[in-house]
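All remarks here apply to the structure that follows.
Each value in this text was obtained by applying a stated rule to the coordinates, not by laboratory testing. Please read these numbers as outputs of a predicted model, since none were measured by experiment. Here Cβ is always computed from backbone atoms with ideal geometry, including for glycine, and neighbour counts include all displayed protein chains.
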Amino acid sequence: MKKLLGNKPAIFQRAEFLSPKDLLQRAAAISAVFLLAHLAGLREYTAVLNGTIGSVKLGWNLSAFLAAIYIALYLVVVVLVPVLVLAAVILLVGRCFIHKKENPSAVSNLAR
Amino acid sequence: MKARIKRLLAGLAALAVAALIWLPCLHFLFTRPVAQFRQEQGLSPKATQLAARHLQLWTDPALRQVELEKMRVSNAEWDFMGRGYLVWSLANMALRNPASQPLYLQTMDQIIDETLRLEQQEGMCFFLMPYAEDRPYVMQPAHSLFLDGEIALMLASRRVIEEKPEYRPLLTERVNAMTERFQKSRRMMLESYPDECWTFDHGVALDAMKMADYLDGTDHSALIHDWIAMAKRRLEDPKSGLLISTFTTDGTPLIGPEGSSIWMVAHSLQLLDEDFARDQYQRARKELGAITLGFGYAHEWPKSWPGQPDIDSGPIIPGFNISAGSSGMALIGASAFQDDKYLASLAATLDFAAFPSRTHGRLKYCASNQVGDAALLYAATLGPLWEKVKSGKKP
């Protein structure tokens, strides 16, 4: 029972900082937050970029705030997330190469 | 400890390498063949989708009200210019796609009639920014070349597609009034706002006169020739060679060359003086246009004449000095002068940074607004109307 409730699935377990798993976890978390912002319709408020109010009802300040959140998340998803994924792949390939060189028969968890 | 530092360094190095790989590739996600934006014949997919959204706005009054209200909170001019760009786009679309001409003509008439009604009912300041009422116009009775020029060009564009007898006297009246004021003005500089003249508005007004010549057999060629000679003499920034944006009625510069104006000015000059137009475009491209990592954009001011951000420039992105207003209008310039490399890179930026939203085949850019999207539609469709008028064959 303890095992069932207490142990987080592997994907949610905290990984070592800047390890491939850590990078992938961060990429997934950012993408999930962006998806929520997108589904909440925050994209509509980006009209503030050209000086147009996002919503007359919500007013300038709140519209601009929502737009800023969306734009920041979008840029992070488009620019940073692929970098995190690529970096994870580079690390995995690098580790695989080093492991093979050091111990051709070793089998280990490279992602950690 | 040593292993930890080694792992951190490896992680940072991987991030750096990944960034070096990804950033130059990012534009591939957004770059499409230029025909996706503008085609020589027919309508591009983007033009079709943008047009569908605009046609929806003009068949759904509630939706239109919401969009116009959002713009008018910032700038009443945008409400008016959105109408102009849409009418001019529909005229080009009617020539590109004759099968849909009845729908386009109906929408053009609806826009023109409503605009004329509002102008008559609410007065000319309805479509102007509040400072139009701060002091009297120098030339009396007060007229705004901004309104007269764009309305005249809307009427003329509609008539080029198909004659509408009711619009003929309305066009003649506007053109005659503008001609009279040009003759009255010592320097051929007419106001859009009190003692504030815009090169943009002069270009549009002269285009309307040229089209009136084509439609009604009048001859404004001497006036157009004289105005261009005056502009070359008095309105060029000596350093960049670009036309300045704003000046007083005695020719004193108010605002230097601006990206949010010059791209459209160069396009409007195409109908008046092709060589001068191309020269202005090439100078604007050199002074204001840029492509970084495959993304095209434009600055608002040349280095020789920096300015302050305003309602036309939109927010300026620091570092690169990217102006949303100038970058959007640069699509009109690049499309008009068939600068395909720049056009494709600008279109990539549009899809990257303007947040396109598609529903049921209708496209809008969330970071834009109705006037911005109408200007984009114009960039995606312009060409046939100017060509038809330049060909000189009457309808």
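Brief remarks follow.
- Simple point charges give the picture: +1 on the Cβ of Lys and Arg, -1 on the Cβ of Asp and Glu, and for region A:14-102 a dipole about the Cα centre of about 200 debye.
- Taking GluC sites (Glu not before Pro) as exposed when DSSP calls them loop and at most 15 other C-beta atoms lie within 10 angstrom, chain B has its longest site-free stretch at B:167-395.
- Choice from B:Lys46, B:Lys210, B:Lys286 showing the highest fluctuation, given a GNM over chain B with Cα pairs closer than 10 Å: B:Lys286
- Residue order, fewest to most beta carbons within 10 Å, for B:Tyr167, B:Tyr342: B:Tyr167, B:Tyr342
- Calculated from backbone phi, Karplus (6.51, -1.76, 1.60) coupling profile of region B:19-36 in Hz, x at Gly/Pro: 5, 5, 7, 6, 4, x, 8, 3, 5, 4, 5, 10, 7, 10, x, 4, 5, 5
- Karplus-derived 3J(HN,Hα), 6.51/-1.76/1.60, for each residue of region B:221-231, Hz, glycine and proline x: 5, 5, 4, 5, 4, 5, 5, 5, 4, 5, 4
- Close amide H partners of B:Leu243, meaning residues 5 or more places away or on another chain with modelled amide H under 5 Å apart, are B:Asp237.
- Taking amide hydrogens as placed 1.01 Å from N in the peptide plane, the amide H of B:Ile322 sits under 5 Å from those of B:Ile317, each at least 5 positions away in sequence or on another chain.
- Integer Hz, Karplus 6.51/-1.76/1.60 couplings in order for region B:196-210, x for Gly and Pro: 9, 10, 10, 4, 3, 5, 5, x, 5, 4, 5, 4, 4, 5, 4
- At most 16 other Cβ within 10 Å, DSSP loop - trypsin sites (Lys or Arg not before Pro), region B:291-395: B:Lys303, B:Lys393
- Listed from fewest to most Cβ neighbours within 10 Å, the set B:Val204, B:Val66 follows the order B:Val66, B:Val204.
- Summary value for chain B: 21 percent relative contact order, contacts being C-alpha pairs under 8 angstrom separated by 6+ residues.
- Listing B:Leu43, B:Leu90, B:Leu293 from fewest to most neighbouring C-beta atoms within 10 Å gives B:Leu293, B:Leu43, B:Leu90.
- Using just its DSSP H runs of length 4 or more, each adding -39500 (n - 2.57), the protein assembly as shown gives a mean residue ellipticity at 222 nm of -19500 deg cm²/dmol after division by all residues.
- Here region B:226-260 is scanned for amide nitrogen atoms under 15 Å from the site 7 Å beyond the Cα of B:Arg186 along Cα-to-Cβ, giving B:248-252.
- Pair-distance profile P(r), taking every C-alpha pair of chain B, with 10 angstrom steps and integer %: 5, 23, 33, 25, 8, 3, 2, 1, 0
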